[in-house]
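Below is one structure; the comments refer to it alone.
The values are calculated or read from the model by the stated rules, or taken from the named source; none is laboratory data. Fair warning: this is a prediction, and the values are worked out from it, not measured in the lab. Positions of Cβ are generated from backbone atoms using ideal geometry, with glycine treated the same way; all protein chains shown enter the neighbour counts.
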Amino acid sequence: MLERGIVMNAAIQNMLERRSIRKYRPDQISDEDLNIILEAGLYAPNAGGRQSPIFVVCRNAEINAALGKINKAAFHGRMSTENAYISKEQPSIADDADIASGFYGAPVVITLFASENFLYSEADCCVAAQNIMLAAHSLGIGSCMVARAWDTFSSELGRRLQEEWDIDKGMEAKIHVILGYADSARPSAKPRKGNRVRVVN
Ligand SMILES: Cc1cc2nc3c(=O)[nH]c(=O)nc-3n(C[C@H](O)[C@H](O)[C@H](O)COP(=O)(O)O)c2cc1C
């Protein structure tokens, strides 16, 4: 779209420029920025207007490292090849088996939980995650959505933390969003695949 010279407003530019960040500086983001980001998440669309997802923010480096290891161990997907990879600039755990944590050392890990018995829990958590990531990017803070939240919180440590943090047993971890300041330049986007849009009049 940029190439076609369309003048974009700031919100659309923010959407096009956000990239998944997997290399983080250890410094924390401020409470003020975190609160703005979470507020954006709370205003995401939500099925039935139920506002069912809850956001559990963990800034404890030790806990994030332990959960990140569990998250990585739960990855049984296909490893990348020379021709099929996720990111060369900011490799994911599928690109580089030596990465120790599924949370990439990010100083903030938000886990979105929603009811285990609601058809739209995943969708609710994913749209909230997108609001969180776009708000973060608009404030100069990097982010990445990370899967396997259920595996992470169904581990022994995850179950213990869920109880300690007083999260109802009926709430299931659906997705993580990690946040922090990027440790290197923003990666470029892969070229968009063609033929993904049909407009029917
Ligand atoms: C549902 C979902 C799950 C994802 N899970 C992971 C993940 O577990 N680990 C990871 O490094 N990136 C994960 N990502 C990020 C994608 O790899 C990333 O969005 C994709 O490669 C496109 O790159 P971009 O976000 O920079 O545009 C996930 C994204 C989505 C939407």
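Being under 23 Å from Ser188 (Cβ atoms), small (Gly, Ala, Ser) and within 13 Å of the chain's Cα centre (by Cα) narrows it down to one residue among Ser87, Ser80, Ser143; which is it? Walk me through how you get there before you give the answer.
On the way: Ser87 fails: within 13 Å of the chain's Cα centre (by Cα); Ser80 fails: within 13 Å of the chain's Cα centre (by Cα).
On inspection, the qualifying residue turns out to be Ser143.
Take the conditions (1) in contact (Cβ under 8 Å) with a residue 12 or more places away in the chain; (2) more than 17 Å from the chain's Cα centre (by Cα); Val7 misses just one of them, which is (1). If you go through the stretch 132-166 and keep only what is on the phi > 0 side of the Ramachandran plot and within 15 Å of the ligand (Cβ to nearest atom), you end up with just Arg148.
Would you pick out the residues in the stretch 167-189 that are closer than 30 Å to Pro26 by Cα, exposed (fewer than 11 other Cβ atoms within 10 Å of the Cβ) and out of contact with any Lys or Arg (no Cβ under 8 Å at 6 or more places or on another chain)? Of everything in the stretch 167-189, just one residue is closer than 30 Å to Pro26 by Cα, exposed (fewer than 11 other Cβ atoms within 10 Å of the Cβ) and out of contact with any Lys or Arg (no Cβ under 8 Å at 6 or more places or on another chain), namely Ala185.
Here is a yes/no grid of residues against (1) of a type in the set (Ser, Thr, Tyr); (2) touching a residue at least 24 places away in the same chain (Cβ under 8 Å):
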{"residue": "Glu32", "(1), (2)": "no, no"}
{"residue": "Pro53", "(1), (2)": "no, yes"}
{"residue": "Glu62", "(1), (2)": "no, no"}
{"residue": "Gly68", "(1), (2)": "no, yes"}
{"residue": "Ala74", "(1), (2)": "no, yes"}
{"residue": "Phe103", "(1), (2)": "no, yes"}
{"residue": "Pro107", "(1), (2)": "no, yes"}
{"residue": "Tyr120", "(1), (2)": "yes, yes"}
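When you check Ile37 against the structure, is it under 15 Å from Ala135 (Cβ atoms) and in contact (Cβ under 8 Å) with a residue 40 or more places away in the chain, yes or no? Yes.
Please go through the stretch 42-87 and give me each residue that is charged (D, E, K, R), modelled with pLDDT of 95 or more and in a loop (DSSP other than H, G, I, E, B), ordered by number.
Start the filter on the stretch 42-87 by keeping residues that are charged (D, E, K, R), which leaves 50, 59, 62, 69, 72, 78, 82.
Narrowing further to those that are modelled with pLDDT of 95 or more: 50, 59, 62, 69, 72.
Answer for the stretch 42-87, where residues must be charged (D, E, K, R), modelled with pLDDT of 95 or more and in a loop (DSSP other than H, G, I, E, B): Arg50, Arg59.
Summed over the stretch 138-166, residues that are within 26 Å of Glu32 (Cβ to Cβ), surrounded by fewer than 20 Cβ atoms within 10 Å (Cβ to Cβ) and not small (Gly, Ala, Ser) total 4. Is there a residue being touching a helix residue (DSSP H, G or I) at 6+ places or on another chain (Cβ under 8 Å), assigned to a loop (DSSP other than H, G, I, E, B) and buried (at least 16 other Cβ atoms within 10 Å of the Cβ) anywhere in the stretch 31-40? No, the conditions are met nowhere in the stretch 31-40.
Consider the stretch 45-71. How many of its residues are closer than 27 Å to Ala189 by Cβ and in contact with a Ser or Thr (Cβ under 6 Å, 6 or more places away or on another chain)? Number of matching residues: 2.
Matching residues to (1) touching a residue at least 40 places away in the same chain (Cβ under 8 Å); (2) touching a helix residue (DSSP H, G or I) at 6+ places or on another chain (Cβ under 7 Å); (3) within 16 Å of the ligand (Cβ to nearest atom):
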position	(1), (2), (3)
Asp168	no, no, no
Glu172	yes, yes, yes
Val177	yes, yes, yes
Ser184	yes, no, yes
Pro187	yes, no, yes
Arg198	no, no, no
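Taking first residues from the stretch 76-98 that are within 17 Å of Ser20 (Cα to Cα) and near the ligand (Cβ under 9 Å from one of its atoms) and partners that are in a loop (DSSP other than H, G, I, E, B) and of a type in the set (Ser, Thr, Tyr), the Cβ contacts under 6 Å between residues at least 6 apart in sequence or on separate chains come to Ile86/Ser92; Ala94/Ser80; Asp95/Ser80; Asp95/Tyr85.
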